[in-house]
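Enquirer: Have a look at the structure that comes next, please.
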Amino acid sequence: MRRTPLELAAIATAAVPGLSPTAAAHSPDDDADFDSALLLDEDGKRWRVRSPRHPEASTRLETEYMVLRAFAPAIRAELPFHVPTIAGTVRQGALTTFVYAHMQGSTLSIEELSAGSPALAREVGTALAAVHDLPLALVTNADLPSYSANEFRQRKLNELDQAATTGKIPATLLRRWEHALEDVALWRFNPSVVHGDLHEDNLMVQDDTVTALTGWTDLRIGDPADDFAWLVASNEASFVEAVLSHYTQARRELPDAHLLRRAALLAEFALAQYLVKAMAAGHQSMTTEAESMLQTLADDIDEQVRRDQEAAQAAAEAAEEDNAAKYEVVELKTSDSSDDKPAVSVAAIPDAESESSAEGDSGRTSVQDDTSTAAISVVTVTPLHAAERH
């Protein structure tokens with residue numbers, strides 16, 4: 001049963017001795033996993049309460065507790081944003097509720113973020129770079145998950161196999177995702193520290209400044225594209241590109257060229273993960289919603305492929321007509337030379353081998369666009385709300 005903000009306030013007083021809340025309000029969170037509230041005490045200070053709804057969610061909070069303890073003062077001082085501090089905990093049966101000293105700022109919707117100022121895009125890009133430049137030892141010393149590029153790709157292949165067994169994934173998407181995951185070149189990246197649960201509800205903003213990142217329950221070493229998937233799903237290409245530009249400038253090493261393509265794939269694949277989660281939990285309404293979103297995505301991709309093929313055919317026909325005009329023989333003259341061979345003046349004719357190669361390259365591009373995520377700004381991905389991500 002869901003706990004109200006007032007009930008969470010009562011629990012918080014047991015976790016933090018001396019805390020006297022004077023007001024309580026709901027706090028955005030992963031609603032399927034947590035009950036959360038913001039509290040205001042008699043001194044005007046704010047607090048956040050997160051209470052798990054099931055044992056797996058409680059384990060995630062325990063992991064976050066370990067992660068936050070690993071953020072030594074020296075590491076916190078180098079970050080361009082604040083990291084939460086746990087003020088107290090209280091255990092109720094198998095579940096543990098956590099109370100945090102609340103961070104300054106507030107959360108914005110993905111629409112508000114993507115419509116924000118250039119300064120906000122710079123702040124988001126800088127924050128992402130700071131996370132991905134964290135020392136790997138922060139994760140390994142805490143015995144948290146660590147994946148090489150190939151291990152991460154194989155993990156996604158296994159998840160795709162699991163999703164395929166539901167029989168509810170459109171064939172267009174299965175082919176697209178399988179081909180993208182088998183494209184080894186797409187998965188050549190240097191693993192970095194990854195937040196793992198980054199989305200708008202875990203980003204605190206004030207006056208176009210990212211003041212804090214919260215929700216450190218899934219910290220790991222893996223694909224930095226993981227932390228871009230929620231941005232790509234916003235379908236605001238200009239904002240995503242601005243964030244990536246500032247991210248690239250702030251990173252200590254140059255990001256790989258396929259980061260956004262993988263982020264687009266991960267944003268799409270999140271719908272399949274949502275379906276698997278819904279079916280495992282036996283939620284019929286969630287399952288129906290997931291099927292609907294997957295079918296809409298498949299239809300959008302099929303339509304985009306059709307438009308691309310029509311555009312390619314029109315371009316080929318136009319080029320053929322243009323070449324036919326260029327190949328016109330200007331004049332045939334009889335030579336005055338002793339061999340009496342005709343002198344023919346012809347417009348430049350493309351080399352047959354290069355023409356064949358161009359056609360081959362065009363064919364490969366068409367296949368790749370159909371099966372991978374090359375055109376990230378074209379296909380619309382339905383963004384998942386925070387509650388649907390786990």
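Every read-out reported here was derived from the displayed coordinates using simple, explicitly stated rules and does not represent laboratory data. Values in this document were obtained by computation on a predicted structure and should not be read as measured data. Neighbour counts run over all protein chains shown; Cβ positions are idealised from the backbone, glycine included.
Enquirer: How big is the shadow of the Cα convex hull of region 153-207, averaged over all directions, in nm²?
Expert: Average of the hull's projected areas for region 153-207 equals 6.2 nm².
Enquirer: Once Lys and Arg get +1 and Asp and Glu get -1 on their Cβ, which of 93, 13, 132 lies farthest toward the positive end of the dipole of region 1-158?
Expert: It is 93, whose Cα lies furthest towards the positive end.
Enquirer: Given a cut-off of under 8 Å on Cα pairs at least six residues apart, what relative contact order in percent is computed for region 223-332?
Expert: 23 percent
Enquirer: Quick one: Karplus J couplings for region 305-320, per residue in order, coefficients 6.51, -1.76, 1.60, θ = phi - 60°, nearest Hz, x for Gly and Pro?
Expert: 4, 4, 5, 5, 5, 5, 5, 5, 5, 5, 5, 5, 5, 5, 5, 5
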